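Written out below as structure tokens is the structure these notes cover.
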């Protein structure tokens, strides 16, 4: 997570310390009007990129870099995040401003981005008290997320200088191949169900209707809300995987994170939020369809989202198992890999039956 409320950050974990004097020197040389000694805290909400709040007197900034350990090719791309945020700055107010990018790994051990600090609340494992008093707040933040997604997808890449951000032609096919390769690179070994799902996704792949800017991990806890206005997303974070591609990949991935009544298989996922009062996935799809994009094939995209999520869980777990991170949350992810694949199988099977 990037710029969250004050209760989302804490002292820096022992194994995620940096060369703070060198960072302070770089920041004061590259960011105007910084004064006073630098103070550092760490945002602990996310699982991947290392994100810090650095303070100079009353001014707070956010510094993000990739995690320690082996990194999948193209992942945790801070240069990409800087490019995307710079392009969206004048058009999409939910994107925080990127103030600087440093590609010199000698400063803190990896390329990093410096961003503005946004303030607000994040819905992670509970509804924050500061917005819980709003009537129907679960529905309101959910629809705000869908509206923000549709707003992002409506932006013409050429108008914000991002027409070369990715290769939209063949995007979905590359996603299928790329996530298969990441699974194999993570050392999972032979896994019959994972391979079966991959084959079926390839066999039933729908034709993409259009291409647009996609965040590539747009979910509830990558958003921030103003406590006084839960009907609009005030900030969206974690843009390092943004590209040009099929917008239904974005929506399907969001659905793969969503729970609703009757989801027996989804009782033990990584999301700890009680979603009983949240709208159903069908309501999210209906809201998004107002954008004019055909959502008839959304079950395929949701199944893909679960399958992809299993790869992400494996990558995170391997970082812990290989000693590259001491974050115990990563070590607890292993059981969720098979659960997530079971869900992907059920969604895909239901899509085939109803086809």
Conditions (1) at positive phi; (2) surrounded by 20 or more Cβ atoms within 10 Å (Cβ to Cβ); number of the one not met by residue 319: (1)
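Would you point out which residue out of 85, 34, 99 is in contact with a helix residue (DSSP H, G or I) (Cβ under 7 Å, 6 or more places away or on another chain) and either modelled with pLDDT of 95 or more or not assigned by TED's automatic domain parsing to the domain that holds residue 229 (or both)?
Going through 85, 34, 99 in turn, just one is in contact with a helix residue (DSSP H, G or I) (Cβ under 7 Å, 6 or more places away or on another chain) and either modelled with pLDDT of 95 or more or not assigned by TED's automatic domain parsing to the domain that holds residue 229 (or both): 34.
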Apart from one, (1) part of a strand (DSSP E or B); (2) modelled with pLDDT under 95; (3) in contact with a helix residue (DSSP H, G or I) (Cβ under 8 Å, 6 or more places away or on another chain) all hold for residue 67; the odd one out is (1)
Looking at this structure, is residue 155 outside any helix (DSSP H, G or I) and within 20 Å of residue 64 (Cβ to Cβ)? no
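Of all residues in region 185-197, how many are in a helix (DSSP H, G or I) and surrounded by 12 or more Cβ atoms within 10 Å (Cβ to Cβ)?
Result for region 185-197: 6.
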Of all residues making up region 75-122, the number that are in contact with a strand residue (DSSP E or B) (Cβ under 7 Å, 6 or more places away or on another chain) and assigned to a loop (DSSP other than H, G, I, E, B): 11
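A quick yes/no check of all residues on (1) buried (at least 19 other Cβ atoms within 10 Å of the Cβ); (2) part of a helix (DSSP H, G or I); (3) over 17 Å from the mean Cα position of the chain (by Cα):
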{"position": "239", "(1), (2), (3)": "yes, no, no"}
{"position": "249", "(1), (2), (3)": "yes, yes, no"}
{"position": "277", "(1), (2), (3)": "no, no, yes"}
{"position": "303", "(1), (2), (3)": "yes, yes, yes"}
Identify the single condition in (1) surrounded by fewer than 16 Cβ atoms within 10 Å (Cβ to Cβ); (2) over 12 Å from residue 251 (Cα atoms) that residue 337 does not satisfy, given that it satisfies every other one. (1)
Spot the failing condition for residue 171; the list is (1) surrounded by fewer than 17 Cβ atoms within 10 Å (Cβ to Cβ); (2) at pLDDT 95 or above; (3) touching a helix residue (DSSP H, G or I) at 6+ places or on another chain (Cβ under 8 Å); (4) under 24 Å from residue 246 (Cβ atoms), and only one is missed. (1)
Selection within region 102-115 - out of contact with any helix residue (DSSP H, G or I) (no Cβ under 7 Å at 6 or more places or on another chain) and surrounded by fewer than 16 Cβ atoms within 10 Å (Cβ to Cβ): 104, 105, 106, 109
Residues satisfying the stated conditions in region 12-27, i.e. surrounded by 11 or more Cβ atoms within 10 Å (Cβ to Cβ) and free of Cβ contacts under 8 Å to residues at least 12 places away in the same chain: 17, 25
Condition met for residue 344 (in contact (Cβ under 8 Å) with a residue 60 or more places away in the chain, assigned by TED's automatic domain parsing to the domain that holds residue 213 and closer than 17 Å to residue 193 by Cβ): yes
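Taking the condition surrounded by fewer than 20 Cβ atoms within 10 Å (Cβ to Cβ) and closer than 30 Å to residue 96 by Cβ, does residue 200 pass?
No, not satisfied.
The values are calculated or read from the model by the stated rules, or taken from the named source; none is laboratory data. None of the values given here were measured: they were computed from a predicted structure. A quick note on method: Cβ atoms are made from the backbone with ideal geometry, for glycine too, and the neighbour counts reach across all protein chains shown.
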